[in-house]
1. Yes or no: ASP285 among the acidic types (Asp, Glu) and farther than 30 Å from THR152 by Cα?
2. Kindly evaluate THR77 against the criterion of being touching a residue at least 60 places away in the same chain (Cβ under 8 Å), open to solvent by less than 90 Å² (accessible area, probe 1.4 Å) and in a strand (DSSP E or B).
3. Say whether the condition of being touching a residue at least 12 places away in the same chain (Cβ under 8 Å) and among the hydrophobic types (A, V, I, L, M, F, W, C) is met by at least one residue in region 8-20.
4. How do the strands (runs of 3 or more DSSP E) wholly within region 254-344 filter down when requiring 1 or more residues that are at pLDDT 80 or above and over 30 Å from ASP164 (Cα atoms): which remain?
5. Count, please, the residues in region 83-124 that happen to be touching a residue at least 40 places away in the same chain (Cβ under 8 Å) and open to solvent by less than 60 Å² (accessible area, probe 1.4 Å).
6. How about region 179-196: which of its residues are open to solvent by 50 Å² or more (accessible area, probe 1.4 Å) and assigned to a strand (DSSP E or B)?
7. For region 133-145, check the following and say yes or no: at least one residue is on the phi > 0 side of the Ramachandran plot and not aromatic (Phe, Trp, Tyr).
8. Is it the case, given these coordinates, that ALA283 is open to solvent by less than 30 Å² (accessible area, probe 1.4 Å), without any contact (Cβ under 8 Å) to a residue 40 or more places away in the chain, more than 30 Å from ALA170 (Cα to Cα) and out of contact with any Gly (no Cβ under 6 Å at 6 or more places or on another chain)?
Amino acid sequence: DLQVYRDATGRRHRDSQQSNAITYNEQTWALYASASREWGTARRGQLGLRVEQTQTEGVSPQLGQRHQQGYRQLFPTFYLRYQPREQHQLALSLGRRINRPGFRALTPFRVYLNNKSYSEGTPCLQASTTGTFEVTHVYRGRFSTNAFVQRTTNGFGTLFTADDETQIQATLRANYYSAVHFGLGEQWSFDPAPGWSSQNQLYLFYRHTDIVEAYTARARNGAQLYMSTSNSFQLGRDWSAQLDYWWSPEHRSHLFEVGGTYSMDVALRKKWANQRWSVSVQASDVLNTASLWHLASEVNGVRNTYGQNYGSRRVRLTLSYAFGNERVEVSRRSFGNQEERDRS
């Protein structure tokens, strides 16, 4: 429900041309089935299938538009684990999943940032699907080597376009690509010193993207490196600290040249009164470097660059007290629609 008001004359009034209310209705039915089997202690397999039917309807009274969609899809999964010896474990998995656009991306009404720039959603934006094949080897429970290949069809995302004559810039959402994504990574954990525990990962990716013919745009194919480290420090009985860091250097992805980003988080915690009371201070993105400062693409022969500060640098102070019996175990239940619950 977007309401825009003007007060240039000193008297506020509603701008009916830029105000709009959108009603979006989505119904999803899903049926799950799975089976698993073990062959001795060394082998375990699991097979699953999800059948999904989705109906959507978006109504914009202001624009006089009504958009309806309906689709049915199958999502099979397969998993096989083989552990010939205690120190080695090999796993293979196949699967297919769906990625639905956020509700904001489906809103058709234009939101003007200024007289030369606007943002607009696409009500007929379709969900994308991704098929994954993955092999993982774990050694001594501390070293994990992972290789995978993913194929995405009907991929959607944000397009930045500009008209060379009018100089008007538009931020649009569209199903504009299909892509193949390769990855090879290593995760390892170790204890460099007493009281110091470190978990680390290093990944190398490669993406190849094909742009659909409807858009005159240049795909940006190439490799990407990503690394992170998470370190916990036990400073005596009551004091502990945390230091986390991740780094993603400059790379190419789909339509975009993506600038390098990195971030560092630090935290300190103190416990007392039989470990029931605790106070902690946590600083996120200490260097203010996690935001995407540079994103460049070329659509219809016009190069666009974009940057934004997400404001992820913050400090949090927490005081907590633990009630009740510490030996009681609380069970946690996960729901099949968790991804939908997290959609925005």
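1. Values: among the acidic types (Asp, Glu): yes; farther than 30 Å from THR152 by Cα: yes.
When the stated conditions are applied, ASP285 passes them.
2. Numbers: touching a residue at least 60 places away in the same chain (Cβ under 8 Å): no; open to solvent by less than 90 Å² (accessible area, probe 1.4 Å): yes; in a strand (DSSP E or B): yes.
Taking the combined requirement at face value, the residue does not satisfy it.
3. Looking through region 8-20, none of the residues is touching a residue at least 12 places away in the same chain (Cβ under 8 Å) and among the hydrophobic types (A, V, I, L, M, F, W, C).
4. On the way: elements: 256-258, 261-272, 277-284, 295-299, 302-306, 314-321.
In region 254-344, 261-272, 277-284, 314-321 are the strands (runs of 3 or more DSSP E) which contain 1 or more residues that are at pLDDT 80 or above and over 30 Å from ASP164 (Cα atoms).
5. Selection size over region 83-124: 22.
6. At the first step, the residues of region 179-196 found to be open to solvent by 50 Å² or more (accessible area, probe 1.4 Å) are 182, 184, 186-188, 190-192, 194, 196.
Within region 179-196, PHE182, LEU184, GLU186, GLN187, TRP188, PHE190, ASP191, PRO192, TRP196 qualify.
7. Just the residues of region 133-145 that are on the phi > 0 side of the Ramachandran plot, to begin with: 140-141.
From what is left, the residues that are not aromatic (Phe, Trp, Tyr) are 140-141.
So far as region 133-145 goes, yes, one or more of its residues are on the phi > 0 side of the Ramachandran plot and not aromatic (Phe, Trp, Tyr).
8. Values: open to solvent by less than 30 Å² (accessible area, probe 1.4 Å): yes; without any contact (Cβ under 8 Å) to a residue 40 or more places away in the chain: yes; more than 30 Å from ALA170 (Cα to Cα): yes; out of contact with any Gly (no Cβ under 6 Å at 6 or more places or on another chain): yes.
When the stated conditions are applied, ALA283 passes them.
The values are calculated or read from the model by the stated rules, or taken from the named source; none is laboratory data. In this text, all values refer to a predicted model and were calculated from it rather than measured experimentally. Please note: Cβ atoms are built from the backbone with ideal geometry, for glycine as well, and neighbour counts cover all protein chains shown. In case anyone asks, the SASA skips ligands and DNA or RNA and just uses the protein heavy atoms, side chains included. Shrake-Rupley method; radii C 1.70, N 1.55, O 1.52, S 1.80 Å.
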